[in-house]
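Colleague: Have a look at this one.
The values are calculated or read from the model by the stated rules, or taken from the named source; none is laboratory data. Here the structure is a predicted model, which is why all the values come from computation and not from measurement. Cβ placement follows ideal geometry from the backbone for every residue including glycine, while neighbour counts extend to all protein chains displayed. To get the accessible areas, we keep the full protein, side chains included, count just its heavy atoms, and leave off ligands, DNA and RNA. Shrake-Rupley method; radii C 1.70, N 1.55, O 1.52, S 1.80 Å.
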Amino acid sequence: MINVKASKLGLGSEAEIPILLLRGPKGHAEDLVDNVAVFPSYHMNKKNWVSVPLDYKASDDEVLSLLLSSREYVDKGL
């Protein structure tokens with residue numbers, strides 16, 4: 001988890017927001033991106049990682065699901 005300016009995700013604000021950097025399926029993380037609750041990773045490989053703002057649109061259930069999936073992708077090298 002890190003804090004970044006919302007503008008780094010294209011949200012049009014200079015306010016700093018907390019985000020999670022999460023692993024997506026290898027080579028297909030962009031399939032998770034909806035630009036509402038899940039965004040392309042702002043500084044890592046966009047084919048494998050996504051950014052999830054914690055004070056934006058993602059529900060707690062969605063964040064937890066993405067977090068658990070991320071852990072599985074990392075553990076299994078998926």
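Colleague: Tell me which GluC sites (Glu not before Pro) from region 14-63 have a DSSP coil assignment and no more than 13 other beta carbons within 10 Å of their own. Present the calculation step by step, with values, prior to reporting the outcome.
Modeller: Numbers: sites: Glu14, Glu16, Glu30, Glu62; in loops: Glu14.
Sparse-neighbourhood loop GluC sites (Glu not before Pro): Glu14.
Colleague: Sticking with this one: How large is ³J(HN,Hα), in whole Hz, for each residue of region 25-33 in order, when computed from phi with the Karplus curve 6.51 cos²θ - 1.76 cosθ + 1.60 and θ = phi - 60°, using x for Gly and Pro?
Modeller: So the J values, rounded to whole Hz, are x, 3, x, 9, 4, 4, 5, 7, 6.
Colleague: Return a whole-number percent for the relative contact order of region 3-64, with Cα pairs under 8 Å and 6 or more residues apart as the contact set.
Modeller: 30
Colleague: Moving on to the next point. At 1.4 Å probe radius, can you tell me the per residue accessible area of the chain in Å²?
Modeller: That works out to 61 Å² per residue.
Colleague: On the protein heavy atoms, probe 1.4 angstrom, tell me the percent of accessible surface of region 3-61 carried by carbon and sulfur.
Modeller: On the way: 1570 of 3320 Å².
Within region 3-61, the accessible surface is 47 percent carbon and sulfur.
Colleague: Looking at the calculated P(r) for the chain, what percent of the C-alpha pair distances fall above 16 Å? Working shown, then result.
Modeller: Numbers: 1297 of 3003 pairs.
Here the long-distance tail beyond 16 Å is 43 percent of all Cα pairs in the chain.
Colleague: Collect residues whose amide H, placed 1.01 Å from N in the peptide plane, falls under 5 Å from the amide H of Val4; neighbours closer than 5 in sequence don't count.
Modeller: So Val4 has HN proximity to Ile17, Ile19.
Colleague: Cut-off under 16 Å on the C-alpha distance; same-chain residues fewer than 8 positions from Lys76 excluded. Which lysines are left, in chain and number order?
Modeller: Partners found: Lys26.
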